[in-house]
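A.B. asks: Before we start, here is the structure in question, set down as structure tokens.
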Amino acid sequence: MSRLVRHDAQGPAIVMVGEKVVAVCQCGLSRNKPFCDGSHRATQGEAPGQIYVYNPANERVEVPDQFPAPTKKFVVE
């Protein structure tokens, strides 16, 4: 089964493991998950609010938002 998972980060999380620095992928593009391989560089220039998918060559493709955030606020009384 395939899933589309939204990732907003455009860089890795830097974690200290003892004396070692480890970069953990947060963009979802790394081929060496959970570790960062620098693939997040492809996310530079993304427009805010736009959704993208990346093909195996890390080429960006815009896709429509199938699940937009609600525009109305709901008040519970």
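The values are calculated or read from the model by the stated rules, or taken from the named source; none is laboratory data. Small disclaimer: the values here were computed from a predicted structure and weren't measured. No Cβ is skipped: glycine too gets one built from the backbone with ideal geometry, and neighbour counts run over all protein chains shown.
A.B. asks: I'd like the full set of residues that are hydrophobic (A, V, I, L, M, F, W, C) and within 15 Å of Val5 (Cα to Cα), limited to the range 46-60. Steps first, answer last, please.
C.D. replies: Going residue by residue through the range 46-60, those that are hydrophobic (A, V, I, L, M, F, W, C) are 47, 51, 53, 57.
Once the filter is applied, which keeps residues that are hydrophobic (A, V, I, L, M, F, W, C) and within 15 Å of Val5 (Cα to Cα), the range 46-60 yields Ile51, Val53.
Every residue, every condition in (1) surrounded by fewer than 10 Cβ atoms within 10 Å (Cβ to Cβ); (2) aliphatic (A, V, I, L, M), yes or no:
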site	(1), (2)
Ser30	no, no
Cys36	no, no
Thr43	no, no
Ile51	no, yes
Asn55	yes, no
Val63	no, yes
Val76	yes, yes
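A.B. asks: Sort out for me the strands (runs of 3 or more DSSP E) sitting completely within the chain that have 1 or more residues that are touching a strand residue (DSSP E or B) at 6+ places or on another chain (Cβ under 7 Å), in contact (Cβ under 8 Å) with a residue 12 or more places away in the chain and among the basic types (Lys, Arg).
C.D. replies: Per the criteria, 60-63.
A.B. asks: Every residue in the range 8-34 that is more than 18 Å from Ala57 (Cα to Cα), of a type outside the set (Gly, Ala, Ser) and within 14 Å of the chain's Cα centre (by Cα), please.
C.D. replies: Within the range 8-34, Asp8, Pro12, Val24, Gln26, Pro34 meet the criteria.
A.B. asks: Within the range 25-37, is even one residue on the phi > 0 side of the Ramachandran plot and modelled with pLDDT of 90 or more?
C.D. replies: Initially, the range 25-37 is screened for residues on the phi > 0 side of the Ramachandran plot, giving 28.
With modelled with pLDDT of 90 or more added as a condition, the list becomes 28.
Looking through the range 25-37, at least one residue is on the phi > 0 side of the Ramachandran plot and modelled with pLDDT of 90 or more.
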